[in-house]
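*Asks:* This is the structure I have questions about; it appears just below.
The values are calculated or read from the model by the stated rules, or taken from the named source; none is laboratory data. Just so it is clear, the model here is predicted, and its values are computed rather than measured. Heads up, the Cβs are rebuilt from the backbone with ideal geometry, glycines too, and the neighbour counts pull from every protein chain shown.
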Amino acid sequence: MKIALTGNPNSGKTTLFNALTGKIEKVGNWAGVTIDKKEGAIKKSLNKTSQTMIAVDLPGAYSMSPFTSEETITNEFVNNESPNVLINIVDATNLSRSLFFTTQLLELGIPVVVALNKSDLNIKKKTIIDIQKLADELKCPVVETVSTGGSNNGLKKLIKEVGLVSESKQEAPFKPLNINMEDKESVKESDIRRYEFVNSIVAKVEIKKVRANIQTKQDMFDRILAHKWLGIPIFAAVMWMVFSLSQTYIGPLIADVLVGWIDGFYDLVEGLMGDNVSPLLSALLLDGIIGGVGALVGFLPLIMVLFFLLALLEDCGYMARVAVITDRFFKRVGLSGKSIIPMVIGLGCAIPGVMATRTIKNERQRRTTAMLTPFMPCGAKLPVVALFAGVFFNNAAWVGTMMYFLAIGIILLGAAIIVRITGEKNSRSYFIMELPEYRFPSIKRAAISMLSRAKAFIIKAGTIILLCNAIIHIMQTFNWRFEVVAENAANTSILASIASPFAILMLPLGFGVWQLAAATITGFIAKENVVGTLAVVYGITNFIDTEELVLINGATNVAGVMGLTSIAALSYLMFNLFSPPCFAAIGAMNAEMESGKWLLAGVGFQLGMGYVVAFITYQVGTLITTGVIGSGFIPGLIAVTVMIGYVLYLIKKGDIKAKTKKVIRTS
Amino acid sequence: MDVIMNNEYMLNTFNNTNNPKNLITNLSQAEINKEYKIKDIQTDDEELKDFLFTLGCYKGEAITIISVLVDNYVITVKDARYSIDNDLAEAIIIN
């Protein structure tokens, strides 16, 4: 039996889905978190019938007329896959809007059970809903639920009702009269009558002590958190707290323990192998695999704490306010405040960040945001930043901080360029965002979200990254004739010969050596690879001490082995941060942009941006510190001039286009 | 150029103050905490109109401004709060 969960955005569908199935899908307190349908079997403890029930979580829809991708999925699912029962999750705090959709669902001829969710919030607001009367009016069962609640959450009763109605026929309470579906005016008229009908039901079943349009404590919070001048400093302080907790305080504390385990494991394996194992195998196992992966696992707690805190932020309802306060800045560069949500999520991982762009209705804004979100340094890039800050900059805090500010600058610049190229600089776009009620974030949900991230990270470290490190190790140990390369002839290895052509291209950026080029290339598979590969190719696994996130005794050694100046190191760091993301994130960009042209332009733009930023950093930095320009200045300058020239040409073309059209669109 | 624009602006303000009946035409001129009725949604953007309709924001419905934040307005339609920008507030005609 198939049960579809439907309802307005942010009515609590996914939370209910997780409670029903025991799954851990992502939830957040703003409209439009779920963007794809998800399936899961209903827990045995809830399902007392003999047959299995499959619940399908659908994205939120305000009504059945399709105009965005979320609603289209709902429509297609209901119409094509004919589920046996629909559970309509109704936000009890906003009956009059939610029931509009309910009456439409009741016309589909599929049995409906209404889950009156968030009923706990109604108790707080002293709103009383007559459940029995509502069920009579709608001619379908209504069950009160608290999907965030513990044992007494109404879910058992809900599933029992689902079992009871599955074979029955329900009569639609509202029947549109002689309506012509082809004629927009006719549909609209009918919809107005539908609203009138809904209002009449609400008037009968709901007693409200507190009217919706009077000021509440929530509005007071809004006035502070989204204040014209206080809003941005508060947001900055919140983000600073997220980072200092995850990167400086709690994260490293847990990292200590993990690194201890890895060190122990390294010693254990070393001891077990003894001296009889071939040095080649022992090097592969110890430095290639344990070292490479171990260098990374030490960062896991930092990333986990970051995810935990971001989940708390998403859960409490603050994100919608952040969209409001940043709207005026994004508007200047042709985006809207909604673009900030993908970017904040992108601090954890670019993939869910890019996927979150789906709530942006305006196509250009959505594509632009998907293109720019990966510039936000994600959790996987943190180890690279920490490594370089440790090796080359005496672990200075400004390195990390600068990267985030630079990322914001690049995003704004990128958006300003793209809006000009598309010729939409004059287009108006409206901003409307539902402000969900604040709530105390759930520690349990945040912990679940964190653990699922950690699991994904460990799996990745244990599979792709482990494999990459092993391959990199083998490729640099052997030459093309599969002979072990000599001590002093490392540049004859397979890896060196593959990476060398790329290294030439990077000469003007200050790091034209094959080892760094190889690390950049493996970085496209997963950004965590950069540190692992560097550790393997330079044989510096013993120096990378993740315990304190610095290289206690090896810092100068590592810098020496790498043979880079600080400026070149900074340039390399920036190139890794601001060039295209990993393949998985590029895949997500492809899915959200829905255009091969945009994807190509996006990746090209990211590559060009990384190159230009690294070039300027290296050449200007070298000029300032040494008085002479860096290596490969002239060819690099030509390349950068061509890139910038091409962008300027596109902007000019876009400006001409902008003159000939004036578009108004919704954001 | 600037002078001319300023003059035009002053002229408009002058006209408005002289004609109190026309003072409040759209939501951006509305008072906080006062309930208005929506008269029309004035935009060429049909998609926006449809979207607002599904939120319950259409002719005849009540709308109240709760507060003005940054350059945005917090409004309440039906039982939900929304943040809208100035452009959208100007498109919502009230009486």
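*Asks:* Let me confirm something: among A:K184, A:K160, which residue is assigned by TED's automatic domain parsing to the domain that holds A:L16, closer than 30 Å to A:R445 by Cα and within 39 Å of the chain's Cα centre (by Cα)?
*Replies:* A:K160
So that you can scan it fast, the table gives a plain yes or no per residue for (1) crowded, with 17+ Cβ neighbours inside 10 Å; (2) in contact (Cβ under 8 Å) with a residue 60 or more places away in the chain; (3) in contact with a His (Cβ under 6 Å, 6 or more places away or on another chain):
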{"position": "A:I464", "(1), (2), (3)": "yes, yes, no"}
{"position": "A:C468", "(1), (2), (3)": "yes, yes, no"}
{"position": "A:W480", "(1), (2), (3)": "no, no, no"}
{"position": "A:A489", "(1), (2), (3)": "no, no, no"}
{"position": "A:T492", "(1), (2), (3)": "no, no, no"}
{"position": "A:A496", "(1), (2), (3)": "yes, no, no"}
{"position": "A:I504", "(1), (2), (3)": "no, no, no"}
{"position": "A:L509", "(1), (2), (3)": "yes, yes, no"}
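*Asks:* Residue check: is A:V242 touching an Asp or Glu at 6+ places or on another chain (Cβ under 6 Å), surrounded by 17 or more Cβ atoms within 10 Å (Cβ to Cβ) and either within 25 Å of A:M304 (Cα to Cα) or within 14 Å of another protein chain (Cβ to nearest Cβ) (or both)?
*Replies:* For A:V242, the condition - touching an Asp or Glu at 6+ places or on another chain (Cβ under 6 Å), surrounded by 17 or more Cβ atoms within 10 Å (Cβ to Cβ) and either within 25 Å of A:M304 (Cα to Cα) or within 14 Å of another protein chain (Cβ to nearest Cβ) (or both) - is not met.
*Asks:* Tell me whether segment A:340-361 contains one or more residues that are within 13 Å of chain B (Cβ to nearest Cβ) and closer than 19 Å to A:R223 by Cβ.
*Replies:* no
*Asks:* How many residues are at pLDDT below 85 and of a type in the set (D, E, K, R) if we restrict to segment A:148-170?
*Replies:* 2
*Asks:* Let me ask another. For segment A:315-333, name all the residues that are within 11 Å of another protein chain (Cβ to nearest Cβ), among the aliphatic types (A, V, I, L, M) and within 22 Å of A:T148 (Cα to Cα).
*Replies:* Residue satisfying the conditions is A:A320 alone.
*Asks:* Within segment A:51-80, take every residue that is loosely packed, with under 14 Cβ neighbours inside 10 Å and at pLDDT below 80 and give me the one that is nearest to the other protein chains (Cβ to nearest Cβ). Step through it out loud before you land on a result.
*Replies:* Residues of segment A:51-80 loosely packed, with under 14 Cβ neighbours inside 10 Å: A:51-52, A:72, A:76, A:79-80.
Narrowing the set further to residues that are at pLDDT below 80 leaves A:72, A:76, A:79-80.
Values: A:T72: 13, A:E76: 18, A:N79: 18, A:N80: 22 Å.
Here the answer is A:T72.
Residues checked against (1) at pLDDT 85 or above; (2) in contact with a strand residue (DSSP E or B) (Cβ under 7 Å, 6 or more places away or on another chain); (3) within 14 Å of another protein chain (Cβ to nearest Cβ):
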| residue | (1), (2), (3) |
| --- | --- |
| A:S449 | no, no, no |
| A:T477 | no, yes, no |
| A:W480 | yes, no, no |
| A:P501 | yes, no, no |
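*Asks:* In addition: Within segment A:281-295, is there a residue that is assigned by TED's automatic domain parsing to the domain that holds A:L412, touching a residue at least 24 places away in the same chain (Cβ under 8 Å) and among the hydroxyl-bearing types (S, T, Y)?
*Replies:* no
*Asks:* Taking A:A380 as the residue in question, decide whether it is surrounded by fewer than 23 Cβ atoms within 10 Å (Cβ to Cβ) and away from chain B (no Cβ under 14 Å).
*Replies:* Answer is no for this residue.
*Asks:* Of all helices (runs of 4 or more DSSP H) completely enclosed by segment A:290-384, which ones contain at least 2 residues that are closer than 30 Å to A:L466 by Cα?
*Replies:* Counting at least 2 such residues, we get A:292-297, A:300-316, A:340-346, A:350-355, A:363-372.
*Asks:* Then there is this: Looking at A:I201 and the list (1) at pLDDT 90 or above; (2) of a type outside the set (D, E, K, R); (3) outside the structural domain of A:I110 (by TED's automatic domain parsing), which single condition is not satisfied?
*Replies:* Unmet condition: (3).
*Asks:* Residues in segment A:620-640 that are over 17 Å from A:M506 (Cβ atoms) and exposed (fewer than 11 other Cβ atoms within 10 Å of the Cβ): how many?
*Replies:* 3
*Asks:* Restricting to segment A:229-241, name every residue that is free of Cβ contacts under 8 Å to residues at least 12 places away in the same chain, among the aromatic types (F, W, Y) and in a helix (DSSP H, G or I).
*Replies:* A:W240
*Asks:* Name every residue in segment A:84-131 that is in a loop (DSSP other than H, G, I, E, B) and at pLDDT below 85, in order of residue number. Before you say what the answer is, go through the steps one by one.
*Replies:* At the first step, the residues of segment A:84-131 found to be in a loop (DSSP other than H, G, I, E, B) are A:84, A:109-111, A:118, A:126-127, A:130.
Scanning segment A:84-131 gives A:G109, A:K126.
*Asks:* If only one of A:G409, A:G414, A:G390, A:G400 is more than 14 Å from chain B (Cβ to nearest Cβ), free of Cβ contacts under 8 Å to residues at least 12 places away in the same chain and not in a strand (DSSP E or B), which one is it? Can you show your working first?
*Replies:* Numbers: A:G414 fails: free of Cβ contacts under 8 Å to residues at least 12 places away in the same chain; A:G390 fails: free of Cβ contacts under 8 Å to residues at least 12 places away in the same chain; A:G400 fails: free of Cβ contacts under 8 Å to residues at least 12 places away in the same chain.
Residue meeting the stated conditions: A:G409.
*Asks:* Name the pairs whose Cβ atoms lie under 6 Å apart, with the first residue in segment B:68-86 and at the interface with chain A (Cβ under 7 Å from one of its Cβ atoms) and aromatic (F, W, Y), the second part of a strand (DSSP E or B) and buried (at least 24 other Cβ atoms within 10 Å of the Cβ), and 6 or more positions between them or separate chains?
*Replies:* From residues that are at the interface with chain A (Cβ under 7 Å from one of its Cβ atoms) and aromatic (F, W, Y), the pairs are B:Y82/B:I75.
*Asks:* Please work out if A:K455 is modelled with pLDDT under 90, away from every other protein chain (no Cβ under 14 Å) and assigned to a helix (DSSP H, G or I).
*Replies:* yes
*Asks:* Do we find a residue being under 27 Å from A:P342 (Cβ atoms), modelled with pLDDT under 90 and away from chain B (no Cβ under 14 Å) anywhere in segment A:625-637?
*Replies:* No, that holds for no residue.
*Asks:* I've got another one for you. Please state which of the following conditions B:I63 fails to meet, knowing it meets all the rest: (1) closer than 16 Å to A:R223 by Cβ; (2) β-branched (V, I, T); (3) modelled with pLDDT of 90 or more.
*Replies:* Of (1) closer than 16 Å to A:R223 by Cβ; (2) β-branched (V, I, T); (3) modelled with pLDDT of 90 or more, only one is false for B:I63: (1).
*Asks:* For the condition in contact with an Asp or Glu (Cβ under 9 Å, 6 or more places away or on another chain), more than 14 Å from chain B (Cβ to nearest Cβ) and within 28 Å of A:A470 (Cβ to Cβ), what is the one hit in A:G260, A:G274?
*Replies:* Going through A:G260, A:G274 in turn, the sole match is A:G260.
*Asks:* Does A:V628 count as within 23 Å of A:L406 (Cβ to Cβ) and aliphatic (A, V, I, L, M)?
*Replies:* Here the answer is no, as A:V628 does not meet what is asked.
*Asks:* Testing B:E47 on (1) within 12 Å of chain A (Cβ to nearest Cβ); (2) outside any loop (DSSP other than H, G, I, E, B); (3) modelled with pLDDT of 80 or more, one condition comes back false. Which one is that?
*Replies:* Condition (3) is where B:E47 drops out.
*Asks:* Separate question: Filter segment B:35-44 down to the residues that are surrounded by fewer than 14 Cβ atoms within 10 Å (Cβ to Cβ) and either assigned to a loop (DSSP other than H, G, I, E, B) or among the β-branched types (V, I, T) (or both), then identify the one that is nearest to the other protein chains (Cβ to nearest Cβ).
*Replies:* Checked segment B:35-44; the qualifying residue nearest to the other protein chains (Cβ to nearest Cβ) is B:D44.
*Asks:* Taking the criterion of being at pLDDT below 90, assigned to a strand (DSSP E or B) and either at positive phi or more than 8 Å from chain A (Cβ to nearest Cβ) (or both), would at least one residue in segment B:10-24 satisfy it?
*Replies:* No, segment B:10-24 has no match at all.
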